[in-house]
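What follows is one structure encoded as structure tokens, with my remarks underneath.
The values are calculated or read from the model by the stated rules, or taken from the named source; none is laboratory data. Note that the coordinates shown come from a computational prediction; the quantities given were computed from them, not determined experimentally. All Cβ positions, glycine included, derive from the backbone under ideal geometry; neighbour counts span all protein chains shown.
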Amino acid sequence: MPALKWRRATPYGERLFRSLLRPIAMSRPDSAATPIVEIDPIVDIDDVHLRLDSAAGPVNILRGMNLSVDRGERVGVVGPSGSGKSTMMMVMAGLERPSSGRIRVAGHDLGDLNEDGLARFRRDHVGIVFQAFHLVPTMTALENVAIPLEFAGAPDAFERARAGLEAVGLKHRLTHYPGQLSGGEQQRVAIARAFVAEPSLLLADEPTGNLDLETGAHIVELLFGLAERRGTTLVLITHDPALAGRCDRTVKLMDGRIADDGRHAARGVAVEA
């Protein structure tokens, strides 16, 4: 199957769970892992290109992307459909390998990691919230939230998962399955799962896209509140300018490139149109 066709046929949420379920020794911490010194920026994307093959020929998805995100920063990402927003998030998470360029996240050069190393990197450093929730339908809310902790070998996985669900107001839904929850409740479970392992970086792709306005507003407050209280770096993809405006700065994408990284506007300097 051509690379582009496979990529479209397999949503990246599914690819994330495939990576989580890889038969590798993820059930116990890496005793030999090299300590990572926390330095800024937490994300550094340097001249990243992504080209995928299709039946009609090569397709350039990312075209020399450069972006840095400081630790603790909240960054909104906007741009028209097809501009590369979700793909940028995928390369940050190590779910997509670029054709060229360099990506460093939380002190790791992602190009130096094999698939097992990338899975451990996501386990230890990255939380992801999807528009479509991507909960495991055969697991309860409690079990869904406990997944990353169990893979990390946490002995108190279920206790921490229970506390995570209580933090998002779902203490009364611990044993419910996704099909028994409303859309807003499912997204709260997904947020609890993303935060429960205390990631240094949280990636959120249209987290309110499948919700009504009132429920979406509650999810936004929850997302920003948890990120602020825990000091988590937040990269938020959205089509909503008002939501992006709540971030420290707004990054604008166009045709696979950064059209504006928002730093001048964040400093209160007028940005030329």
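Quick check on this structure: which one of ASP40, ASP47 is among the acidic types (Asp, Glu), over 19 Å from the mean Cα position of the chain (by Cα), surrounded by fewer than 14 Cβ atoms within 10 Å (Cβ to Cβ) and modelled with pLDDT of 55 or more?
Details: ASP40 fails: over 19 Å from the mean Cα position of the chain (by Cα).
One residue alone meets the criteria, ASP47.
Which one is farthest from VAL251 (Cα to Cα) among residues in region 187-232 that are without any contact (Cβ under 8 Å) to a residue 60 or more places away in the chain and among the basic types (Lys, Arg)?
Taking the candidates together, the pick is ARG188.
Restrict the check to region 141-159 and report whether at least one residue is farther than 30 Å from ASP47 by Cβ, of a type in the set (S, T, N, Q) and either touching a Phe, Trp or Tyr at 6+ places or on another chain (Cβ under 8 Å) or surrounded by 21 or more Cβ atoms within 10 Å (Cβ to Cβ) (or both).
Among the residues of region 141-159, at least one is farther than 30 Å from ASP47 by Cβ, of a type in the set (S, T, N, Q) and either touching a Phe, Trp or Tyr at 6+ places or on another chain (Cβ under 8 Å) or surrounded by 21 or more Cβ atoms within 10 Å (Cβ to Cβ) (or both), which makes the answer yes.
If you take the residues of region 99-116 that are part of a helix (DSSP H, G or I) and out of contact with any helix residue (DSSP H, G or I) (no Cβ under 8 Å at 6 or more places or on another chain), which of them is farthest from LEU62 (Cα to Cα)?
Filtering region 99-116 down to residues part of a helix (DSSP H, G or I) leaves 110-112, 115-116.
Then drop every residue that is not out of contact with any helix residue (DSSP H, G or I) (no Cβ under 8 Å at 6 or more places or on another chain), which leaves 111-112, 116.
Details: GLY111: 16, ASP112: 20, ASP116: 25 Å.
Ranking the qualifying residues of region 99-116, first place goes to ASP116.
Given the options THR208, THR215, THR233, name the one that is closer than 23 Å to GLY94 by Cα and out of contact with any Cys (no Cβ under 7 Å at 6 or more places or on another chain).
Details: THR208 fails: closer than 23 Å to GLY94 by Cα; THR215 fails: closer than 23 Å to GLY94 by Cα.
Matching residue, one of THR208, THR215, THR233: THR233.
Which of the residues belonging to region 224-256 are assigned to a strand (DSSP E or B) and buried (at least 16 other Cβ atoms within 10 Å of the Cβ)?
Pass one, region 224-256, residues assigned to a strand (DSSP E or B): 233-237, 249-254.
Within region 224-256, THR233, LEU234, VAL235, LEU236, ILE237, ARG249, THR250, VAL251, LYS252, LEU253 meet the criteria.
Within region 40-60, identify whether any single residue is under 26 Å from GLY216 (Cβ atoms), among the acidic types (Asp, Glu), in a loop (DSSP other than H, G, I, E, B) and touching a Pro at 6+ places or on another chain (Cβ under 9 Å), and answer yes or no. Spell out the reasoning first.
To start, the set of residues in region 40-60 that are under 26 Å from GLY216 (Cβ atoms) comprises 43.
In the following step, the residues that additionally are among the acidic types (Asp, Glu) were identified as none.
No, the conditions are met nowhere in region 40-60.
So which residues in region 171-199 are buried (at least 22 other Cβ atoms within 10 Å of the Cβ) and either β-branched (Val, Ile, Thr) or not in a helix (DSSP H, G or I) (or both), if there are any at all?
VAL189, ILE191, VAL196, ALA197
Can you report the number of residues in region 200-223 which are under 14 Å from the mean Cα position of the chain (by Cα) and either of a type in the set (Phe, Trp, Tyr) or assigned to a helix (DSSP H, G or I) (or both)?
The qualifying residues number 1.
Quick grid of which residues meet (1) over 28 Å from ARG230 (Cβ atoms); (2) among the polar types (S, T, N, Q):
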site	(1), (2)
ASP53	yes, no
MET65	no, no
GLY79	no, no
SER99	yes, yes
